[in-house]
1. When A:VAL48 is evaluated against the numbered criteria (1) under 25 Å from B:LEU83 (Cα atoms); (2) assigned to a helix (DSSP H, G or I), which criterion, by number, is the only one it fails?
2. Restricting to the stretch A:50-101, name every residue that is small (Gly, Ala, Ser), modelled with pLDDT of 85 or more and more than 22 Å from B:ALA54 (Cβ to Cβ).
3. Can you tell which of A:ARG52, A:ARG27 is facing chain B (nearest Cβ under 7 Å) and touching an Asp or Glu at 6+ places or on another chain (Cβ under 7 Å)?
4. Name, by its number, the condition in (1) modelled with pLDDT under 85; (2) within 30 Å of A:ASP94 (Cα to Cα); (3) surrounded by 10 or more Cβ atoms within 10 Å (Cβ to Cβ) that does not hold for B:LEU137.
Amino acid sequence: MNVPAAWYLVLAAVLFGIGAFGLLTRRSAIIMFMCIELMLNAVNLTFVTFSRTLSDIGGQADVFFVMVVAAAEVTVGLGIVVTIFRRRLSTSVDELSELKG
Amino acid sequence: MIATAYAIPSVLIFLTSAVLILAGAIGVITVKNPVHAALSLIATLFGVAVAFVAQSADFLAAVEIMVYAGAIVVLFLFVIMFLGVDRKEERGVEPFVGQRPLAAVGVAIIVAGLVALMASSHWVTGVTSASNPGVGLAKGTKNVQQLGSAVFTTYLFAFEATAALLIISVIGAVILARREQKAQ
């Protein structure tokens, strides 16, 4: 007998909320990327839970693609962070305010 | 009461993964040192992998550990140490007044909305995907087989597209990280 799927879904929702809160409040671009990873993992957990509930392998295939996209996103994102750090000697997003109206 | 309603092992597995996930996630958003945040992220990823195993997604659990905890977190740590930003960021200043309470309220609304949707709707019984084999999910090596045949038949085009995406992102990262050579 397994635990109900709803427990995992609530856990994933809470994980998504924690990641979103960190993304909105932290200043360092690197930490913000980690919060995005938390939110992606919450979505992955939801996919796997529905995959089990519906006995459908399609949810797990989606998680596979989400992981690939996350890897690509981190690669490019951290490259951008490195480039910005070379110019500004900081990874704080508050310093990047040239586009402010 | 819980022990009589559900077999103890699966509840224990859920609790283990929940504690790992929540402790790690709270660690990521609260600790000041980015290196410690990356280590907390590893705890969360292990918790997610435990939840994957408990829900018969064995291949994804292995990939979660190898790709996320192995490659992505190492990339984070590499950049943190490469840039030398493991000093504490200043968090006292708030550029927007009341940013943190507003964020907390917004996130609480989102989570409450998600939970309310789950409690009130029947989307769990929705239409299944195009690759649904009509049989139950397999565990162990059978799970790898099942996922592999779905990825290489139904999702073949998306799979090839991810190959192109990875090549493009690698080239983009190399171009971004390269120092521009000054003309002599």
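The values are calculated or read from the model by the stated rules, or taken from the named source; none is laboratory data. Just so we're clear, the structure is a prediction, and the values are computed from it rather than from any experiment. Methodologically, a virtual Cβ is constructed for each residue, glycine included, from the backbone with ideal geometry; neighbour enumeration extends over all protein chains shown.
1. (1)
2. Hits for the stretch A:50-101 are A:ALA71, A:ALA72, A:GLY77, A:GLY79.
3. A:ARG27 is the lone residue from the list that is facing chain B (nearest Cβ under 7 Å) and touching an Asp or Glu at 6+ places or on another chain (Cβ under 7 Å).
4. The one condition B:LEU137 does not meet is (2).
Condition check ((1) outside any helix (DSSP H, G or I); (2) buried (at least 24 other Cβ atoms within 10 Å of the Cβ); (3) more than 7 Å from chain B (Cβ to nearest Cβ)) across all residues:
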site	(1), (2), (3)
A:VAL3	yes, no, no
A:VAL10	no, no, no
A:ALA13	no, no, no
A:PHE21	no, no, no
A:ASP62	no, no, yes
A:PHE65	no, no, no
A:GLU73	no, no, yes
A:ILE80	no, no, no
A:ARG87	no, no, yes
